[in-house]
1. Could you pull out every whole DSSP H run in chain A that spans at least 30 Å of Cα extent along its own axis and averages 0.0 or higher on the Kyte-Doolittle scale?
2. Which whole number gives the average count of other chain Cβ atoms within 10 Å of the Cβ atoms across peptide B:408-418?
3. Counting Lys +1, Arg +1, Asp -1, Glu -1, what net charge surrounds residue A:196 among other residues with beta carbon under 13 Å of its beta carbon?
4. Could you work out how far apart the two model spin labels at residue B:214 and residue A:91 are, taking each label as a point 7 Å from the Cα in the direction of the beta carbon, and quote it in nm?
5. For the residues B:384, B:427, what sequence is obtained by ranking on other C-beta atoms within 10 Å, fewest first?
6. Which whole number gives the average, over all residues in A:308-321, of C-beta atoms from other chains lying within 10 Å of the residue C-beta?
7. Around residue B:243, with a cut-off of 11 angstrom between Cβ atoms, what is the net charge of the other residues, counting Lys and Arg +1 and Asp and Glu -1?
8. With the alpha-carbon atoms as the only input, what is the per residue convex hull volume for segment A:164-304 in Å³?
Amino acid sequence: MSGQSVAGQTSAALDAFVERAAARSTVLAGTGIPTRRVEAWRYTPLRSITEIVWKEAAPLDAASAKNLLDKIAYPANGHLFIFGNGREVTSLSSLPENVLRTDAEAVDPLEDRFSAVLNGALGRDGLSIRVPKNVDAGLLTLATLHQGSAISTHLRHRIVLEEGASLTLFDANVGEGEYLSNPRFDIILAEGARLRHVKHQSEAENAAHLAIINVEVQGNAEYDSFTLNGGGAVARHEVVTTLAAPHALVHVNGVQVVNGTRLNDLTSMIHHAAPDCNSRQTVKTVLSDTAQGVFQGKILVDRVAQKTDGYQMNQALLLSEKAQINSKPELEIYADDVKCSHGATVGALDDEQLFYLRSRGVPEAEARDILVTAFLTDALELVADEALRELLLKGLFS
Amino acid sequence: MPAVTETREAVEKLAKSSYEWGFETDIEMDIAPKGLNEDTVRLISERKREPAWMLEWRLKAFRSWLEMKEPDWAKLKHPPIDYQDAHYFAQPKKKPGPKSLDEVDPELLRTYAKLGIPLHEQALLAGVEPAEGERLPVAVDAVFDSVSVATTFRKTLEEAGVIFCPISDAIREHPDLVKQYLGSVVPVADNFFAALNSAVFTDGSFVYVPKGVRCPMELSTYFRINARNTGQFERTLIIVEERASVSYLEGCTAPQRDENQLHAAVVELIAMDDASIKYSTVQNWYPGDDEGRGGIYNFVTKRGICRGARSKISWTQVETGSAITWKYPSCVLAGEGSIGEFYSVAVTNNHQQADTGTKMIHLAPNTRSTIIAKTISAGHSDSTYRGLVRMQPKARNARNFTQCDSLLIGDQCGAHTVPYIESRNMTARVEHEATTSKISEDQLFYCRSRGLSQEDAVGLIVNGFCREVLKELPMEFAVEAQKLLQISLEGSVG
């Protein structure tokens, strides 16, 4: 696939989409949709997105919403909040006690990130909540559902955890048909707050998913995230997180399971803007058929961020001759008293390990399954909540 | 953090000391007028008495260059370069063909002496053969500004069948080889700086090692920028035939300058079946003053192709100089079972900026590559490792191992790692690891408690940090490299 310029594509579809978005975004009007010449989209072509005239969708009724949601495993306990085709499905939605709904607020436009720019141009609706000081709000499942053809949604969520507050968010994404889901989360974690963000991206095979998660983590607060990126024709999970005060802790972990002709992408920027913070990242990708996997993880350490401890590991397992992985782990470091490292490996299943299992009577197919499972389970162990880990495991092997 | 403070002081002191090799030689020059256009290209070609095809080649490159843009993706900042504000040709005026040492400009000989080429150049220029049993010396093709003034050892090499000469001679004397290979690894329009080089290169080395010949000595080019405002556009072409091998050394020092000087070299290496090329560089161009003014801008395209099965190309570099380094020595592994290696130490200080790394392109099965990159940043400098490992669909069972380590000295510098890993073959295996840290207090304490002075301890740790790379250098260079590291970092500690 070549990096074709947007200017070169004059389809009415593209024009219509860009115009619709560009009318409300000067940035988008100026740059259009990024081509592969744009570094951030070097490995993830958005061409398929530009070929469709995305329309606003009609809301989903409760029954269809329920049907869609049942396609994936989600927690039976806790509260459920559902967006169907970009609108709140009120009859099925509730919030935990003590969690307050707030008005949407102005956010950092993140002008250099296309997913945010697009959301900024077309965004509407979303969930804005605040968990008050020292409240443990328990578990909230946020389901983003789509059904239809050539529809796009651009939800804007805002989650604020006040001092010492905590919340576990299960972020479920599923749908049917051909759609573009482009949600944005703005997450602010005050001193000592803790958010566990577990995401299951299981979009339809013709869907596009461009999520952008913007997180500010204050002192002693913790953003512990895990994403199972496993659906969509083109799907990017993009995290921009700032460790803003000492002793903030961030985990941006994930597993990508990519098959068919799909492309899954996990892009993250972990920005250490204060001293004494820790960040941890483990991302594993398994690729089969002619699938493509992308990992772009950057750790940026400011001059003031002394005593930073940053660790990043990304591993890819190629199960087919035609699968492809593109990985770009990046360190940008301006402080001298730091400990930062990253590691990356790419390869196939280990022949010796296969041989070991086969010599003990395990059939080849089963032996392969065992090894792939072991590879992924290793990362899934990082999901602290046991029940959610089980749910993701189910999602993985269903 | 006393250690860090002291090291920083040392670094600051060093910045104030003048550039050790910043002398300038006063020799009569034949300089082309400033500016770059087709006439400049024609003039260079004419002065070099080149055949018509070469002029055409240059003009093609020049025309591509006109349509290209200077790359902006590297993590480098510099004022715009005015390509019209430089001389593109400078040639020392000399009597044709010095027959003996007496005829060589004495000023030139003094320059060699100051350069401290650690060999018997003076005598060798006079034709003195090494005594029986003496270690085989290094052949030096000394490039004085843009023209190779003297080439030593030509005869010994000729007996072995090795061609080692200025590229301008090769264009005239071995046109078939040059025509076949020049631009075959780095095409004229490969990138902005390579196109510029292709249009205006004035000299460089040509090496041809025929089948089955193990080059009897290490080949070396010492070159330096000498005349004010002359860009240095070196072109090196090394061809090693089946089962042959060569080790090539490149090192440079440059005089102190007030204006930025552009340096855009191109190096092409070609290795056939079972051939082996080892290319070592110690780069110490003038880095600029402590405000970062006046250093060399070094934009280099180095690429080797392992065409033959089981061939091997190994790049080793120690980069301590230049205000700006933009350099990615690469290997295209096209022959089955071929091997690419990249060993690098990059030291930046004051306001130096380095964006350097490598590309390993695995095209064939069972190819292997190793990348060891060590980066040391001090002062206000920024240093970036930028590398690409690509496994193409046919690269069955290919292997890569990459290790990038950065050491930060002082809190005003930056160290960055930007590796790209692309794999399209499931049986290929890529491993990458990178670390960034400062000199460990524990290591310092350990050394100090055993009676080492602070500066020795820092020196020892830095040398240890770079050991994996330094041990790859030929002996002559290893000594020089260690000295350079000391000068660059801990030379005046305490």
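All of the numbers you see were taken from the coordinates with simple rules; none came from a lab. In this text, all values refer to a predicted model and were calculated from it rather than measured experimentally. No Cβ is skipped: glycine too gets one built from the backbone with ideal geometry, and neighbour counts run over all protein chains shown.
1. Taking the DSSP H segments of chain A (at least 30 Å long, mean hydropathy at least 0.0), we get none.
2. Taking all residues of B:408-418 together, the mean is 6.
3. Charge balance in the 13 Å sphere: -3.
4. In this crude spin-label approximation the distance works out to 8.6 nm.
5. Final ranking by Cβ density, sparse to dense: B:427, B:384.
6. 2
7. Around residue B:243, the surrounding residues sum to -1.
8. Once divided by residue count, the hull of segment A:164-304 is 77 Å³.
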